1. If each label sits 7 angstrom from Cα along the C-beta direction, how far apart, in nm, is A:Gly139 from its counterparts in the other copies?
2. Partner chain Cβ atoms within 10 Å, averaged over the residues of A:226-234 - can you pull that number for me?
3. Packing-wise, with mean Cβ within 10 Å as the measure, how do B:51-57, A:210-216 rank, highest first?
4. Each label point is 7 Å from the Cα along the Cα-to-Cβ direction; what then is the distance between the points at B:Asp58 and A:Leu123, in nm?
5. Roughly what would the spin-label model give for A:Cys164 and A:Leu152, points 7 Å off Cα along C-beta, in nm?
6. Under the definition of partner shielding as Cβ atoms of other protein chains within 10 Å of a residue Cβ, what is the mean value for peptide A:242-253?
7. So what's the projected area for the range B:98-253, the Cα convex hull averaged over all directions, in nm²?
8. At 7 angstrom along the Cα-to-beta-carbon line, where would the label on B:Glu43 sit relative to the other copies? Give the distances in nm, shortest first.
There are 2 protein chains.
Amino acid sequence: MAETETARQSNAAAFDSLEVALDRGSPIPLYYQLAQQLESAIEHGALAPGNLLGNEVDIAARLGLSRPTVRQAIQSLVDKGLLVRRRGIGTQVVHSQVRRSLELSSLYDDLAAAGQNPATRVLRNEIESASPEVAAALGIPEGRDVIVLERLRSTYGEPVAHLCNYLPASLLDLDTERLEETGLYRMMRAAGITLHSAHQTVGARCATADEGILLDEPEGAALLTMCRTAYDDTGRAVEYGTHVYRAARYTFDFQLLVRP
Amino acid sequence: MAETETARQSNAAAFDSLEVALDRGSPIPLYYQLAQQLESAIEHGALAPGNLLGNEVDIAARLGLSRPTVRQAIQSLVDKGLLVRRRGIGTQVVHSQVRRSLELSSLYDDLAAAGQNPATRVLRNEIESASPEVAAALGIPEGRDVIVLERLRSTYGEPVAHLCNYLPASLLDLDTERLEETGLYRMMRAAGITLHSAHQTVGARCATADEGILLDEPEGAALLTMCRTAYDDTGRAVEYGTHVYRAARYTFDFQLLVRP
DNA sequence: CAGTGGTCTAGACCACCGT
DNA sequence: CGGTGGTCTAGACCACTGC
């Protein structure tokens, strides 16, 4: 009995002793401030896996917030997979392993994944008429001008991937120099293009002779391929790309959350 | 001016003429009923891409709901990528292409993707001591009993993938016959295990001689590999698997949503 | 300026869980 | 049974957009 008491106390204390500082003058929404502080508490271990959070009504009262606001904060962490709610039980911090790279595989993966020492060489940056394949992927008329971008990405001086991308020429100007320093998506974002969604297909095949030379692999080596179309806020296709990765130096790594 | 009027009308009419039937007696939440009917209206084309939804206050009034309830319904569709909200503008249906297989790549992919005519042959279904690799992946002590499952999945009589899975032996019993008829995840779900998240790594490599025989590919052919650990509600690892796919017959296909 | 979504409040009742 | 999250209401003010 005493043990149960202690256990429960340690659970409750975990959150009770947590100091949450809300700034009502800040333009940052209250629910977001709370969510951020909870998240960092979980990351720093102040809230340990399995800990109960205490009921929402109490939290709201303690912080001087309404219950819906507290719920909104908690819900955002549930959506991220950090918390689990159970009816009649309470809200718990999810156990250990799950929360490493919890972000869903993002469009910036290429950059982040190679983020140790990435370098890009632009092999080609021209305007061309859209081929049938490209026109279909981008949903534009055949023959329309598109930017054709061909890049070789390396880390530590060793080639990792060959990237070939197509963008409607009307969208933006691509400066080759800046492209070698930053990623394509960063430049698109800077140009006011807000990405909304993308469709990807990942497969494998053997290297052709040319690819072998470019990527420093023997002909017939296994390569990882990725084909992607990215869409705008409004649903317009804004980018189509076919990427080829050296299997020995690259893998796709991602986290899946099961929708309840 | 008249044209503007017509355009606005056609946008507004799209939703206004939509019949939404809410059943307050149903155990299904009102926001969920509304979300479902909006979603099917979008799928059936009753709500066309780019259509404005009309403001939330009006919708709430027309349906006899409160605004937060309507917001909850709309928000769930925004999260799915079907709708886009813009401050000061309104809520729009996302343009065309984006909404085909909008569900995020799920754990049931193997089954669904091969869902045309899938067959499974169980090559092995035994209990074994966990190897260091398996123990580390599942977060259990080395030597603990685990179920080792080896399966060959085919479609139309042709092999597609070789699946090797490990599960803590304490979790459930796996009947070989049922495994040949249904998927592993379905059986786990039926046993009361609720999946929460998973971590996957996708790569490529060349086939070994043994794999070539099993999968009916020449030695050295490109294969797609996938390595996955799946976690419980509580964060316990409940499954670890290494899968090998014939590159010519399988690709990973998924949709990404960019978090705002 | 008027209209939109974004945020927030202070209540309420219900369904589910453990005891 | 009491406690929990799940849902719902009827307001309110603000920030941003377009005119």
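1. Nearest first, the other copies' label points are 4.1 nm away.
2. Values: counts 3, 2, 1, 2, 2, 9, 4, 6, 8.
What the average comes to for A:226-234 is 4.
3. Values: B:51-57: 17.3, A:210-216: 14.7.
Taking the mean over residues of other Cβ atoms within 10 Å, the ranking is B:51-57, A:210-216.
4. Each label point lies 7 Å from its Cα, and together they span 5.4 nm.
5. So the two model labels end up 1.6 nm from each other.
6. Details: counts 0, 0, 0, 2, 1, 8, 3, 0, 2, 8, 8, 6.
That works out to 3 on average.
7. Details: hull surface 38.9 nm².
Seen from a random direction, the Cα hull of the range B:98-253 projects 9.7 nm² on average.
8. So the label point of B:Glu43 gives 3.8 nm to the other copies.
All of the numbers you see were taken from the coordinates with simple rules; none came from a lab. Model, not experiment: these values are computed from the prediction. Cβ coordinates were reconstructed from backbone atoms using ideal geometry, including for glycine residues, and neighbour counts include every protein chain displayed.
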